[in-house]
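**Student:** Sharing a structure here in structure tokens format.
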Amino acid sequence: MEKAQVVGLAIVVIVIVAGLVIVIRSPTENDTGNVSFQLADRVVDDFGYVLQYDNIESREDVVAGLAASKYDLLIIDAYYEPTQNESWTADEVSTIRMGVDSESSKIVLAYVSIGEAESYRPYWNESWDADHDGVPDDGAPSWLDIENPDWPGNYKVRYWDSSWQNIIFGNESSYIDRVLARGFDGVYLDIIDAYEYYEDRGVSDAASKMVEFVSALSAYAKELREDFLVFPQNGEALARRFPDYLEAVDGIGREDVFTMDNTVQPDQEREQAVDDLSLFLDAGCAVLIVEYPTDPHLIDWVYESAADVGALCYVGPRSLDELRVNAGHEPD
Ligand SMILES: [Ca+2]
Ligand SMILES: [Ca+2]
């Protein structure tokens with residue numbers, strides 16, 4: 001064998017060995033960092049978020065897939081098929097929570113929108129906007145406001161109205177009671193930032209009304225089950241204005257801290273969000289950051305950036321119609 005061939009062979013061997021090292025290391029290597037939170041009786045160092053299952057044919061497969069997921073915490077809709085009014089059964093929630101082995105047992109939070117009414121939810125009455133012009137018809141409840149132009153079928157609500165709050169919590173047929181009865185570990189409350197909409201329209205105490213709403217809901221649920229978890233999504237600025245808010249919640253979810261899809265957020269917005277979220281961390285709350293980039297470099301960057309500020313990260317499609325596992329950030 002000539003010298004050039006030996007060198008060539010050596011390079012090939014090195015490349016193969018290097019390749020093996022990479023292959024061997026990749027399953028255990030991930031960049032979720034050392035961030036973890038103690039929630040109820042478990043340690044959570046990764047989470048996932050999915051609301052619809054358009055690409056999975058059968059309900060059994062959906063349950064099996066969620067059960068097998070190794071994410072320590074999953075956020076799923078309170079309903080399997082909200083548009084068909086199909087609730088999860090307690091057995092299904094239990095199956096997903098228990099997992100298929102010790103590595104896949106998990107906390108499951110139910111997504112509930114408390115700041116907008118959704119026309120496909122069980123509480124909706126078709127007569128409220130029978131002509132579908134986005135404006136409540138005569139006879140609609142006084143808390144119902146106009147349709148959100150960005151999200152057809154979602155209507156603004158005067159969330160401080162007791163009739164709306166009674167739909168959400170406080171009685172057997174309310175949303176939160178149903179969530180408790182199904183065996184969810186907690187709730188993930190969306191459209192907290194509805195208070196900004198009403199502040200802009202002259203409701204000067206809209207923010208404190210949202211804090212009161214979440215606090216009352218939390219107190220009610222925790223009275224029924226002490227370790228029930230309450231996570232608002234977004235609206236983190238409330239914590240600076242109303243420090244008591246931090247006592248009502250166990251953590252917070254925040255979308256788009258570092259990126260808006262494949263664009264990096266402006267420094268000032270990013271820093272403000274991180275600053276406000278740090279109040280939650282200081283109070284011992286979990287911080288879950290949700291981002292929607294598709295660029296692999298940005299995906300790595302948001303996972304690392306979240307870990308750097310002491311938060312957990314999940315990257316998925318904005319439609320939340322698929323539970324993603326991102327290469328290099330696999331749940332364990
Ligand atoms: Ca109408
Ligand atoms: Ca884990």
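**Student:** Taking G48 as meeting all but one of (1) of a type outside the set (D, E, K, R); (2) more than 16 Å from ligand 2 (Cβ to nearest atom); (3) surrounded by 15 or more Cβ atoms within 10 Å (Cβ to Cβ), write down the number of the exception.
**Tutor:** Status for G48: all satisfied but (2).
**Student:** Looking for something free of Cβ contacts under 8 Å to residues at least 40 places away in the same chain and β-branched (V, I, T) - is there at least one such residue anywhere in segment 178-190?
**Tutor:** To start, the set of residues in segment 178-190 that are free of Cβ contacts under 8 Å to residues at least 40 places away in the same chain comprises none.
Looking through segment 178-190, none of the residues is free of Cβ contacts under 8 Å to residues at least 40 places away in the same chain and β-branched (V, I, T).
**Student:** Is there a residue being part of a helix (DSSP H, G or I) and surrounded by 21 or more Cβ atoms within 10 Å (Cβ to Cβ) anywhere in segment 250-269?
**Tutor:** Quick first cut of segment 250-269, residues part of a helix (DSSP H, G or I) only: 267-269.
Retained after the next criterion (residues that are surrounded by 21 or more Cβ atoms within 10 Å (Cβ to Cβ)): none.
The answer is no, given that none of the residues of segment 250-269 is part of a helix (DSSP H, G or I) and surrounded by 21 or more Cβ atoms within 10 Å (Cβ to Cβ).
**Student:** Let me ask something else. Specify which of the listed residues (Y303, Y314) is hydroxyl-bearing (S, T, Y), more than 13 Å from the chain's Cα centre (by Cα) and not in a loop (DSSP other than H, G, I, E, B).
**Tutor:** Exactly one residue qualifies, and that residue is Y303.
**Student:** If we keep just the residues of segment 128-147 that are under 21 Å from S204 (Cα atoms) and part of a loop (DSSP other than H, G, I, E, B), which is farthest from ligand 2 (Cβ to nearest atom)? Even if it seems obvious, please write down each step before you answer.
**Tutor:** Of all residues in segment 128-147, those under 21 Å from S204 (Cα atoms) come to 142-146.
Then keep just the ones that are part of a loop (DSSP other than H, G, I, E, B); that gives 142-143.
On the way: S142: 46, W143: 41 Å.
This residue is S142.
**Student:** Checking the conditions here, which among D129, D145, D137, D185 is buried (at least 18 other Cβ atoms within 10 Å of the Cβ), at pLDDT 95 or above and touching a Ser or Thr at 6+ places or on another chain (Cβ under 9 Å)?
**Tutor:** Matching residue, one of D129, D145, D137, D185: D129.
**Student:** Hey, another quick one. Taking Y120, is it touching a residue at least 60 places away in the same chain (Cβ under 8 Å), part of a loop (DSSP other than H, G, I, E, B) and among the hydroxyl-bearing types (S, T, Y)?
**Tutor:** For Y120, the condition - touching a residue at least 60 places away in the same chain (Cβ under 8 Å), part of a loop (DSSP other than H, G, I, E, B) and among the hydroxyl-bearing types (S, T, Y) - is not met.
**Student:** Now for a different question. Does G328 satisfy the criteria of being in a loop (DSSP other than H, G, I, E, B), in contact (Cβ under 8 Å) with a residue 40 or more places away in the chain, surrounded by fewer than 19 Cβ atoms within 10 Å (Cβ to Cβ) and out of contact with any Gly (no Cβ under 8 Å at 6 or more places or on another chain)?
**Tutor:** yes
The values are calculated or read from the model by the stated rules, or taken from the named source; none is laboratory data. Since this is a predicted model, take the numbers as computed values, not measurements. FYI the Cβ positions are ideal-geometry reconstructions off the backbone, even for glycines, and counts take in every protein chain you see.
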